[in-house]
Amino acid sequence: MPSSALTAAHPLKDVASSDSALRRFLHGLPGVDAVGLEGRAASLGTRSIKTTAKAYAIDLAISMVDLTTLEGADTPGKVRALGAKAVKPDPTDRTTPATAAVCVYPDMVAVAKEAVAGSGVKVASVATAFPAGRAALDVKLADVRDAIAAGADEIDMVIDRGAFLSGRYLKVYDEITAVREACGTSARLKVIFETGELSTYDNIRRASWLGMLAGADFIKTSTGKVAVNATPANTLLMLEAVRDFRAQTGIQVGVKPAGGIRTSKDAIKFLVLVNETAGEDWLDNHWFRFGASSLLNDLLMQRQKLATGRYSGPDYVTVD
C-alpha cells in the first residue's frame, strides 16, 4: 500500500503552501559536506563480511532486484523471458529467491504482468515521459494511468529536472502529487531524480526531501540513461534523508539506486550502506531496491560459487 500523506496537523504540512515557503524549507536544509560524505561512503565500502553473512547478503540482494529492460528494441518475447527469470532466477536451484519486480515501459506492462502472474513478483513501469520527463502534465498522467490500467503495481516517474534546477520547486512538487493521486491505492510511487544531472549534493538532498514531502513511496537515484547513475555517496545521502524524514514524520520511504551496479561486491557495499545509515528496517525489498539488468547474473554466479566452491562462468546463467 502507498505511504500516508502528511496529516493536516503535522508541522511539515505547510512547507509546500507556496513556492517561497517550499524554497525556504529546502534551502534551509543543512549543507552537505562533500568530502565527509564521500569519505564515509568509501569507508563503509571497505568492510568485509564473513562467508555465512555473504550468502545471506547475496540472497537478500537478489530479492531486492528490479529486473529491468528499458530499450527501444524491447519485444514481448524479451519481456516474457525477463519475467520468467525474475520468478525463477536459477531454474536449477529452487532455493534461489525471486526478484522483487520487473521494470518495463508502459506498453509492456500487460505482457510482464502475465509473465509473473501468481508469483508475487511485482511489475514496475516507468512513466511520465521517461527518461527525460519532457512532456505536458496531462501527457505524463495519461502515461501513468495507462500503466496502472494494464496492471502496474509500481510507477517509476521522473521529475522535471529543468524546473528543479531553475528553482521552480513547487512545480516539481505539484507534478509529483498529481502522479501520486493518479496512482491512488493501486500502485506505489518511485520518484527518480536523475542525480547525475542535479550537479550538487545539496541539490540531491533537496530533491530527496521534495520527493518525500510530495508523497513518494521510494526515492530513486537515476534512470540508468545518463553517464553518472547510482554511486555509494549519492545513495548514502538519500539514505540519510529517508532516515531523517521518518524521524520527523513517522513515515518510512524506500530508496532505489539504479544504474551502474553490476557486481555482487557492489551490491553488498550498498547493503552495508543501508544497514549502517538507515538501519535494519530498510533491509527488505519493500524498502530497498536495486534497479539493474546485469547485476542478477553476477549474484547468481557468486551464489553458486558459495554453494559448490567453483565459478560456473557466465554461460551458467541466462542472458538478459
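The values are calculated or read from the model by the stated rules, or taken from the named source; none is laboratory data. Just so it is clear, the model here is predicted, and its values are computed rather than measured. Here the Cβ positions follow ideal geometry from the backbone for every residue, glycine too, while neighbour counts run over all protein chains shown. These accessible areas exclude ligands, DNA and RNA; they are computed on the full protein's heavy atoms, side chains included. Shrake-Rupley method; radii C 1.70, N 1.55, O 1.52, S 1.80 Å.
Annotations for the structure displayed:
- Options Y173, A149, H27, ranked by Cα towards positive dipole end of the chain, top entry (Cβ charges): H27
- Amide proton proximity set for A292, modelled H, under 5 Å, gap of 5+: D66, T68
- Per residue, the chain reaches -14000 deg cm²/dmol at 222 nm when only DSSP H runs of four or more residues are counted, each adding -39500 (n - 2.57).
- Here the contact order of the range 129-221, divided by its residue count and restricted to Cα pairs under 8 Å and six or more residues apart, works out to 30 percent.
- In order along the range 195-210, the Karplus-derived 3J(HN,Hα) couplings, from 6.51 cos²θ - 1.76 cosθ + 1.60 at θ = phi - 60°, round to 4, x, 9, 8, 6, 9, 5, 4, 5, 5, 5, 4, 5, 4, 5, 4 Hz, and Gly and Pro are given as x.
- Restricting the range 212-311 to chymotrypsin sites (Phe, Trp or Tyr not before Pro) that sit in a DSSP loop and have at most 11 other Cβ atoms within 10 Å of their own Cβ leaves Y311.
- For the chain, size of Cβ-based charge dipole, Lys and Arg +1, Asp and Glu -1, in debye: 540
- Using alpha-carbon coordinates, inclination of helix 51-63 to the longest axis of the chain, degrees: 60
- Positive dipole terminus of the chain, leading residue within A132, A110, G291 (C-beta point charges): G291
- For the range 288-298, backbone phi angles converted through the Karplus equation (6.51, -1.76, 1.60; θ = phi - 60°) give residue-by-residue couplings of 8, 9, 10, x, 7, 10, 7, 4, 4, 4, 5 Hz, Gly and Pro being listed as x.
- When only alpha carbons are used to place a centre, the range 36-56 and the range 246-274 end up 13 Å from one another.
- Residue among V35, V126, V109 with the largest mean-square fluctuation in a Gaussian network model of the chain, springs linking Cα atoms under 10 Å: V35
- Rounded to the nearest 10 degrees, the angle from helix 232-249 to the longest Cα principal axis of the chain is 60 degrees.
- Most mobile of R310, R243, R188 in a GNM of the chain (Cα contacts under 10 Å): R310
- Exposure check, 1.4 Å probe, all protein chains in place: D244 carries approximately 60 Å² of accessible surface.
- Helix axis angle, 169-183 relative to the chain longest principal axis, alpha carbon, degrees: 50
- Long-range amide H partners of I219 with built H, under 5 Å: V191, G254, V255, K256
- Around C183: net Lys/Arg minus Asp/Glu count, Cβ-Cβ under 14 Å: -2
- Rounded if a/c under 1.5, otherwise prolate or oblate - the chain, Cα gyration tensor axes: oblate
- Amide H partners (placed H, <5 Å) of D156, local residues excluded: S125, V126, A127, K190
- Solvent-accessible ranking of T75, T96, largest area first, probe 1.4 Å: T75, T96
- The chain: relative contact order in percent, alpha carbon pairs under 8 Å with at least 6 residues between: 20
- The chain: most fluctuating residue of V255, V104, V15 per GNM, C-alpha cutoff 10 Å: V15
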